[in-house]
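The values are calculated or read from the model by the stated rules, or taken from the named source; none is laboratory data. These figures come from a predicted structure and were not determined experimentally. So basically every Cβ, Gly included, is an ideal-geometry build from the backbone, and we count neighbours across all protein chains shown. Accessible surface areas use protein heavy atoms only, side chains included; no ligands, DNA or RNA. Shrake-Rupley method; radii C 1.70, N 1.55, O 1.52, S 1.80 Å.
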Amino acid sequence: MAKDKGLTGVQKAAILFITLGPEASANIINKLPERDIQRITYEIANTTTVSTTEKSEILEEFIQMNKAKDYILEGGFDYAKDLLSKALGNQKAKEILDKVSEETQQYRPFALARKADSIQLLNIISNEHPQTIALILCHINVDKAAQILSELPQEVQEEVAYRIAVMNTTSPTVIKEVEKTLNMKLSSIVRNEVTSIGGLQSIVDILNQVDRSTEKNIMEALERQDPEIAEKVKESMFVFEDIIALDDVAIQRILREVDGKDLALALKGSSEEVSEVIFRNQSKRAAASMKEDIEFLGPVRIADVEKAQTKILAVIRRLDENGEIVIARGGEDAVII
């Protein structure tokens, strides 16, 4: 089992996913809460080297803990302890079961309900039995519970409030059954809401801070898994206005590759700051000619401007990928000497 080297659970998860590889990891990580996905992705992005020993230990720990959970479900804690002790010895069996018990104690019911919007949750539970509503409200944020309670019909409010007041203990089996039913109703709504909030911007923010090698590895994995998402990430990582962050040498290299008509169209819809940076990196004659071309264009469609800017961004990405220019990032690329 993995020795304690000060690694957090999230760091261990990141190493596990690195060990399993992108294909196997994708099937697991997609089932995790959005917040966990973001934290684990951040750790993966910032993990540069992992020893073979460390990979083996964490993979072994993962397998053993999953076996322990299966044994507990199959025959209870004593049954799991007996099987693990025979297979691994008393000390290792105790370590594994202690960790499993700690995870179980940290489990909080109705996680999906806590993520749901108050109105969504109200619409789903308003027709439930007052006892069920009371149970759910006891397990979510107090502010959200108060908002939902205030929206219920008066007679239901009174009944739910009373049941909350006299509720003492509830069977874990009942809690699991209520949570299971509620999750079935909520899952599609909350999943859609989480997807719309983020994921794309989160990974873009992360990749903008990592070194070039890490970014390349992650982008290649994304392209294999979902080329459309990978393209959206690429487009979001460097926008046309970010040209002002490039050095003069890089801009001059880009200008040698870019079609003049595309550049004129792109600058027609850009900020004055971007235009000045471009003109500064052209000869006086070329800059004057470009200004005339832009003026000659007259009114243009936004769609045409965006198309031209996209073409130039494709050139910038290609030059960056080939190492002919450098887009400053975090990590190794943060400082260029």
Original post:
Inside the stretch 139-181, can you point out the residues that are under 15 Å from Ala116 (Cα atoms) and assigned to a loop (DSSP other than H, G, I, E, B)?
Top reply: His139, Ile140, Asn141
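So that you can scan it fast, the table gives a plain yes or no per residue for (1) open to solvent by 70 Å² or more (accessible area, probe 1.4 Å); (2) within 20 Å of Ala314 (Cα to Cα); (3) not assigned by the TED database to the domain that holds Ile327:
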{"residue": "Ile243", "(1), (2), (3)": "no, yes, no"}
{"residue": "Leu246", "(1), (2), (3)": "no, yes, no"}
{"residue": "Val274", "(1), (2), (3)": "no, yes, no"}
{"residue": "Gln282", "(1), (2), (3)": "no, no, no"}
{"residue": "Arg285", "(1), (2), (3)": "yes, no, no"}
Original post:
Is one or more of the residues making up the stretch 295-314 open to solvent by less than 70 Å² (accessible area, probe 1.4 Å), within 30 Å of Ile218 (Cα to Cα) and not in a helix (DSSP H, G or I)?
Top reply: no
**OP:** Working carefully through the options Ile302, Ile316, Ile278, Ile312, find the one that is over 22 Å from Asp248 (Cβ atoms) and within 39 Å of the chain's Cα centre (by Cα).
**Re:** Ile302
Original post:
Only one of Glu34, Glu74 is at pLDDT below 70 and within 17 Å of the chain's Cα centre (by Cα); which?
Top reply: Glu34
Original post:
Looking at Ser289, Ser270, Ser236, which one is assigned to a helix (DSSP H, G or I), over 29 Å from the mean Cα position of the chain (by Cα) and of a type in the set (Ser, Thr, Tyr)?
Top reply: Ser289
Subject >> Selected residue [hydroxyl-bearing (Ser, Thr, Tyr) and modelled with pLDDT of 90 or more] from Ser275, Ser271 >> reply: Ser275
Original post:
What tally of residues in the stretch 81-123 results from selecting those that are modelled with pLDDT under 80, under 30 Å from Glu151 (Cβ atoms) and of a type in the set (Ser, Thr, Tyr)?
Top reply: 1
